Amino acid sequence: MNNNGLLLIFSGPSGAGKGTVLKELLNGNDNMKLSVSATTRTPREGECHGVHYFFMTKEEFEEQIANGQMLEHAEYCGKYYGTPSSQIMDWIEEGRDVVLEIEVQGARQIKEKRPDCVSIFVLPPSLEELEKRLRYRNTEDEETIKKRLAVARQEMETARDYDYVIVNDTIERRKIDTLMKQINKIIAAEKLKVSRAKSNIERVLNND
Ligand code: 5GP
């Protein structure tokens, strides 16, 4: 019997570098799936519909909420973001690990619905570094950067409610490797929890 996959939540303020961490984590891991979110924000340069996000209008998004098609949703800096429910539970039952890259309000909703999820908060090394990264990225206007920095502080307060916290200080390659080792250890230990690995006990006891 297959053990269920993990539902992994990654949160962290805009600019904490979740994208880099997740790219590295998913790279070459065929058993792990990244959930593509829906949003009403406009696409950034290079972002594609269905790959980075499902971009939709406010009306389309609200219709999906009304039809119960969102596992969670939240408003962030004046735009909707949400996790489409389709596929996620199927993947988990097939034994695949599913990664959600979502902000803190959404993470709270998932924790309530699926207490067995594993939540990881990605912190930047400092507030100064966070601001530097947001400015360097050059994808947002000044007003949005200010809004995101204000929200970032509030978000980091909620890091205490997560299962794990990691600091993304990955300017050097060597540091990414260390960070990835930490994340992979979390995943390995979570899979060995008795609550998830019961089928191993049955298999050995029943001599299957
Ligand atoms: P961005 O606009 O920078 O792509 O994302 C802004 C924030 O929305 C990030 O903190 C990101 O993690 C979060 N986010 C992305 N997708 C979802 C989602 O499906 N649900 C929720 N609640 N937050 C999301």
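Summary table below
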{"quantity": "Which listed residue is at pLDDT 95 or above, surrounded by fewer than 16 Cβ atoms within 10 Å (Cβ to Cβ) and closer than 16 Å to residue 16 by Cβ, from 104, 165", "calculated": "165"}
{"quantity": "Any hit, the range 107-116, residues being exposed (fewer than 13 other Cβ atoms within 10 Å of the Cβ) and of a type in the set (Asp, Glu)", "calculated": "yes"}
{"quantity": "Residues being within 9 Å of the ligand (Cβ to nearest atom) and over 26 Å from residue 146 (Cβ atoms) - total across the range 72-87", "calculated": "3"}
{"quantity": "Hits in the range 1-54 - residues which are hydrophobic (A, V, I, L, M, F, W, C), within 14 Å of the ligand (Cβ to nearest atom) and under 18 Å from the mean Cα position of the chain (by Cα)", "calculated": "7, 8, 9, 10, 16, 21, 22, 34, 36, 38, 51, 54"}
{"quantity": "Lone qualifier among 20, 83 - being surrounded by fewer than 19 Cβ atoms within 10 Å (Cβ to Cβ), in contact (Cβ under 8 Å) with a residue 40 or more places away in the chain and outside any loop (DSSP other than H, G, I, E, B)", "calculated": "20"}
{"quantity": "Some residue of the range 63-70 being in contact with a Phe, Trp or Tyr (Cβ under 7 Å, 6 or more places away or on another chain) and modelled with pLDDT of 95 or more", "calculated": "no"}
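The values are calculated or read from the model by the stated rules, or taken from the named source; none is laboratory data. Treat the numbers as computed from the prediction; the structure is a model and nothing was measured. Glycine also receives a Cβ, built like all others from the backbone with ideal geometry; neighbour counts cover every protein chain displayed.
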